Amino acid sequence: MEGLGHAYGDVKAVNSFSLSVAPGEVVCLLGPSGCGKTTVLRLAAGLEKVQQGRIAINGQEVAGPGVWVPPEDRNVGLVFQDFALFPHLTVAQNVDFGLTGMDDEERRARCDEVLRRVGVAQLADRYPHALSGGQQQRVALARALAPSPPLILLDEPFSGLDSRLRDQVRDRTLHLLKRSGQATLMVTHDAEEAMFMADRIAVMRDGHNVQTDRPDALYCEPADAFVTEFFSDVNRLSGVVEKGDVYTPFGNLSAAPMRDGEKAEILIRPEALRLGAVPDGEEGSARVLASRMLGRSSLVHLCTCRQIGEEIHLHARVPGRFLPKENEVLQVTLDSKQAFVFPANQG
Ligand code: ATP
């Protein structure tokens, strides 16, 4: 997809959007509600006509100036949020529906193989109304995979499932997609889901991609405050650049490439705050307001001590069980790799 632009009347839904997905790669489109994710997917599928830019699948241009290949000729597999199975067809007939250019025996064999692969072969003769949500999702995936299209498009494919089932279904879907070797583009608004599923994530905002990279790179080297906050809670401080640094109560951070005198915002992930006992003869830097174990980690609510400046409320996340008492004073140090400095008012 190159330089895509699309508007619904006055609403600009997609703007200068470019992305490529390689065979065998899972790419997630991630962003807040209304940022244009579904529109990108619909453009790729041919359900919307491209107004600007071009799209090619497997090297063949399918949309662009003077070019228009209709959805049924694009050879893409689609899985919608509500699965959209044909209610009057059985599971096997749903999967068989998109198989063309094969004789009856080949179709039957392909259908059996795909149903077995997604683990619903025993449900082949059932109708969609007699399936659970998880089973419907698997049938929808089987239907999309059956014709071996070069591209699979998934629009929030797990959002209709309850949370425990969702984890299982995600896991199975990821392995199926990776094994099938097709290019996959999936829409989600859930950062954790995108990190679980994706080889790369395209973070979208107001119709364009802000940053496209591997999940670990987005988390550890976010391009701006929007991307930083999309992946976790953050402690937000403000400051002014002095001698190339910004001040925080727990140590200075480099503000490069910002200039002295520029206003900065400082985003500190909760796991960047390291908590320890106050060494003899020193004063601590923060007081505990509350501590709670949240399962795999503990969350400690802190307030910076008055002697180090204005009181600031902060969250620290510590692996495992770490529950200091209310009002205990601690020494806080900062892991600068998980703290980010950006120009203020970047939006
Ligand atoms: P969500 O996560 O809520 O599904 P999204 O990121 O997928 O959102 P889109 O559905 O692509 O966003 O919508 C992008 C913008 O285009 C939104 O402002 C939306 O209101 C608008 N929009 C989408 N479809 C139409 C339509 N058919 N007619 C008019 N406006 C539309």
Given the peptides 6-14, 111-119, arrange them by the average over their residues of other C-beta atoms within 10 Å, most packed first. 111-119, 6-14
Note down the net charge around GLU106, summing +1 for each Lys or Arg and -1 for each Asp or Glu among other residues with Cβ under 15 Å from its Cβ. -3
Using a cut-off of 14 Å between beta-carbons, work out the net charge of the residues near ARG74 (Lys and Arg +1, Asp and Glu -1, ARG74 not included). -1
Sorted by packing (mean other beta-carbon atoms within 10 Å per residue), highest first, where do 233-243, 189-199 land? 189-199, 233-243
Kirkwood Rh (inverse of mean 1/r, distinct Cα pairs), the chain, angstrom: 23.0
Could you give the length gained on full extension between GLN122 and CYS220, defined as 0.36 nm per residue of separation minus the Cα-Cα distance, in nm? 30.8 nm
Contour excess over end-to-end distance, with Cα ends at ASP10 and PHE97 and 0.36 nm allotted per residue: 27.5 nm
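Can you tell me what percent of all Cα-Cα pairs in the range 130-284 are more than 21 Å apart?
Distances greater than 21 Å cover 60 percent of the Cα pairs.
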Lys and Arg at +1, Asp and Glu at -1: neighbours of VAL318 with Cβ under 15 Å from its Cβ sum to +3
Run the helix sum for the chain: -39,500 (n - 2.57) per DSSP H stretch of 4+ residues, divided by residue count, reported at 222 nm to the nearest 500 deg cm²/dmol. -7000 deg cm²/dmol
Amide H partners (placed H, <5 Å) of GLY244, local residues excluded: ASP260
Find how much the distance from ASP162 to ASN327 grows on full extension, using 0.36 nm per residue of separation minus their present alpha carbon separation; answer in nm with one decimal. 55.5 nm
Approximate spin-label separation LYS263-ASP190, in nm, with each point projected 7 Å along Cα-to-Cβ: 3.7
By per-residue mean of other Cβ atoms within 10 Å, what is the highest-first order of 56-69, 174-187? 174-187, 56-69
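Read the figures in this text as sums done on the coordinates, not as results from a lab. Nothing here was measured: the structure is a model prediction, and the numbers come from that model. Counting neighbours? That spans all protein chains shown, and the Cβs are built from the backbone with ideal geometry, glycine included.
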